[in-house]
Amino acid sequence: MKRIQLKWDLEDILEGKNWEEVFKKTKEQVDKAEEWTNKLDPKMEEEEFRKLMLFLENLEEKLSRVGHYPYLKTATDQKDKKAWQLREKADDLGVEAGMKTRIIDQWIKGIAAVNGKKLDEKNAKRLFGAVKDLEYKLKRSREAAKYSLNQEEENIILNKDVNGIERIKELRTIIETEQEYQLRVEGEEERIVKTQAELTEMVRSSQPEVREAAYRALLNKFGENLDKYWLVYKGIIKDWVYESKLRGYQSPIAAKNFGNEISGETVEVLLGEVKNHREVFQKYFGEKARALRNRKLRRFDVYAPIGRGNSQKISADEAIDLVLEAFGNFDPGWQKAAKQIVENNHIDYLPSPTKRGGAFCSTVGPKIDPYVMLNLVGSQRDVSVMAHELGHGIHSIMANKHYPSTQHASLVLSETASTLGEIIIFDRIIEGEGDKERRKFLLNERLTESYATVLRQGYITIFEEEIFNRVSKIDQDGVNQLWTDNLKEQFGDEVEIDEIFGNEWAYVSHLANSPFYCYAYSFGQLLALGLYKRYQQDKGYAGQIRKILEAGGSKAPEEILKSAGIEVSKPDFWKEGFEVIEGWREEFERDY
Ligand SMILES: [Zn+2]
């Protein structure tokens, strides 16, 4: 294909108008929300309700355009003062819109009465049925209202949270950020390491003594502050337990499951399968120990590299060509969508001193192709990141027949295309790689990554379920013991776990910052692997995968998957994902 343009073009967001103009038009719409409030009536015509929904969805899209334009500008130029000003104006308008549509929102949920009348169940059903694409979302918002308290109580909780539990979490982050680490590598002088990032890079070092020293520096420090971390974590757990009871959830994890739009039974089946398949990873760790010429793998060596990476530089053009070709082989629909993003100049490829780090894909709305930001440095890893973010973009384009609020998939499905993208490109690269050392390197990376997302994250959730049940009966030593037992179960006899890893729970910030979040990683990764397994058996299955992506967030995840023949509430499907990992493990073993 023709050479790519390296910077993205944001003008599509404004459709050729200038920002101020779009802002003014949006503001006019925000002011119209009040007119709609007067028309709310449980007996209203279905057509009238449909128009109301259209109004709200259009407003959401306009606000998204107004906000995304300066947001994306600041992403590539953090010093663009003008863009920051526009962002603030957009944020303020967003808050204003939220306030003005709040009463409509609460009326729909059946919480608030307007003109003396609440929206009853029967009329809600009738009206929601008139806008098929939004029906699921509307029904769910009414269901969510069942777990709401009255307005006054909600306000108290909101205020107490902002100045209470949220402050405690901030305090935890401050303690963590202020930590400095004493690093003692064998045969070197002790030195102070100021950032965690430096240490987490070192645990992937090719030298065993560096990996061990990095872990010891990290976990010793968390050990010194363990009493503080436990005090914070205990407070967070107790607050969560209290509030979830107050709202009527059946268990602490149920509140999270509801938010993820997934049933508790499915989550338990998933976690059960993660447990049942821990041996796949244990066997891999056994082989990894042999590859490192050790009798047994130490926990310090879990992320050790094996073999030799490909140090050849790859250009943005080459990376795009490789990804497009691999996607095209998988499904021409994928290639077409990805090409659309490339050819419309919706990707920003290279780093610059004022550009944000990392990579992301941003969806503005169904009528605009998504934007992808990358920071390519020319390494082989770039290709994988690019495939991931373009995967998100493909998902977004495939779901663009929906309204703005139903285009986005729910959390557990949101990483499906991105993870698949990574798997597709991995398969493509390993297929063409004849060098044995490089094959080992790639397979080891893939297996380590799978361990970290599937097994580790699943076991973090298993740990959470236990500690939430026992919080009032446990002390600081008990937490370390519980964490160590959890590690012993996931690693089995294949990995030697030094005592210092008992402190590791304090380092896992997700535990404190977003309880029960981690299983979503296992879910997303195993789902993508299971889909890929089906595709490997029957190339025609790409059509079913497309169907899943096209559904966006218009239905419950379990229902969307069912229409592609997948039952996530039964163990069978999850086994398929582990078969792919087992395949990689066997190849890794064969390469010896
Ligand atoms: Zn992602």
For this session: Estimate the FRET efficiency between LYS43 and LYS82 by the formula 1/(1 + (r/R0)^6), using the beta-carbon distance for r and 30 Å for R0, to the nearest 0.05.
Result: 0.05
Problem set entry | Amide hydrogen neighbours beyond the local backbone of GLU496, cut-off 5 Å, H modeled | LEU297, ARG298, ARG299
For this session: Quick one: net charge around VAL372, please, counting Lys, Arg +1 and Asp, Glu -1 for every other residue with C-beta under 10 Å from its C-beta.
Result: -3
Exercise. For LYS51, LYS7, what's the fewest-to-most ordering of other Cβ within 10 Å of each Cβ?
Worked result: LYS7, LYS51
Exercise. Short version: ³J(HN,Hα) in whole Hz for each residue of the stretch 109-122, in order, from phi by Karplus 6.51 cos²θ - 1.76 cosθ + 1.60 (θ = phi - 60°), x for Gly and Pro, what are they?
Worked result: 6, x, 8, 9, 8, 10, 6, x, 10, 8, 7, 7, 4, 5
Problem set entry | Listed peptides 203-215, 24-36 by packing density, highest first (mean Cβ within 10 Å) | 203-215, 24-36
For this session: In whole Å, largest first, what are the principal axis extents of the Cα atoms in the chain?
Result: 76, 64, 51
Problem set entry | Neighbour-limited loop hits for chymotrypsin sites (Phe, Trp or Tyr not before Pro), the stretch 253-301 (at most 16 other Cβ within 10 Å; DSSP other than H, G, I, E, B) | none
For this session: Could you calculate the FRET efficiency of ASN150 with GLU28 from 1/(1 + (r/R0)^6), where r is the beta carbon distance between them and R0 is 45 Å, rounded to 0.05?
Result: 0.85
Problem set entry | Over the chain: helical MRE at 222 nm, DSSP H runs n ≥ 4 each giving -39500 (n - 2.57), nearest 500 | -21000 deg cm²/dmol
For this session: Express the C-alpha Rg of the stretch 224-324 as a ratio against the empirical globular expectation 2.2 N^0.38 Å, rounded to two decimals.
Result: 1.74
Exercise. How high is the relative contact order of the stretch 224-327, given as a whole-number percent (alpha carbon pairs under 8 Å, six or more residues apart)?
Worked result: 9
For this session: Please sort 218-224, 384-390 by packing, taking for each peptide the average over its residues of neighbouring beta carbons within 10 angstrom, highest first.
Result: 384-390, 218-224
Exercise. Scattering from the C-alpha atoms of the stretch 156-293 alone, worked out with Debye: what is log10 I(q)/I(0) at q = 0.16, 0.18, 0.19 1/Å?
Worked result: -1.07, -1.09, -1.10
Problem set entry | Cβ-based charge dipole, the stretch 24-158, positive-most Cα from ALA124, TRP84, GLN29 | TRP84
Seminar exercise, completed: Fewest-first ordering of HIS346, HIS510 by Cβ atoms within 10 Å yields HIS510, HIS346
Seminar exercise, completed: If R0 = 35 Å, then GLU587 and THR195, at their Cβ-Cβ distance, give a FRET efficiency to the nearest 0.05 of 0.45
For this session: May I ask which residue of SER410, VAL377, PHE426 lies farthest towards the positive end of the charge dipole of the stretch 372-432, with charges of +1 (Lys, Arg) and -1 (Asp, Glu) on Cβ and the Cα centre as origin?
Result: SER410
For this session: Taking the Cα centre of the stretch 56-183 as origin, work out the dipole magnitude from +1 charges on Lys and Arg Cβ and -1 charges on Asp and Glu Cβ, in debye rounded to 20.
Result: 720
Seminar exercise, completed: Whole-Hz Karplus couplings 3J(HN,Hα) for the stretch 523-538, θ = phi - 60° and coefficients 6.51, -1.76, 1.60, Gly and Pro as x, run 4, x, 5, 5, 4, 4, 5, x, 5, 5, 4, 5, 5, 4, 7, 8
Problem set entry | Residues ILE175, ILE165, ILE253, sorted so that the one with the fewest Cβ neighbours within 10 Å comes first | ILE175, ILE165, ILE253
Problem set entry | Protection-proxy order for peptides 521-527, 99-105, each taking the mean of Cβ atoms within 10 Å per residue, highest first | 521-527, 99-105
Exercise. Size of the dipole of the chain about the Cα centre, Lys and Arg at +1 and Asp and Glu at -1 on the beta carbon, nothing else charged, in debye to 20?
Worked result: 900
Seminar exercise, completed: For the stretch 260-369, the dipole about the Cα centre with charges only on Cβ (Lys and Arg +1, Asp and Glu -1), to the nearest 20 debye, works out at 1020
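Any read-out appearing in this document is the output of simple, stated calculations on the displayed coordinates, not a laboratory observation. Treat the numbers as computed from the prediction; the structure is a model and nothing was measured. Note: ideal-geometry Cβ built from the backbone for every residue, glycine included; neighbour counts use all protein chains shown.
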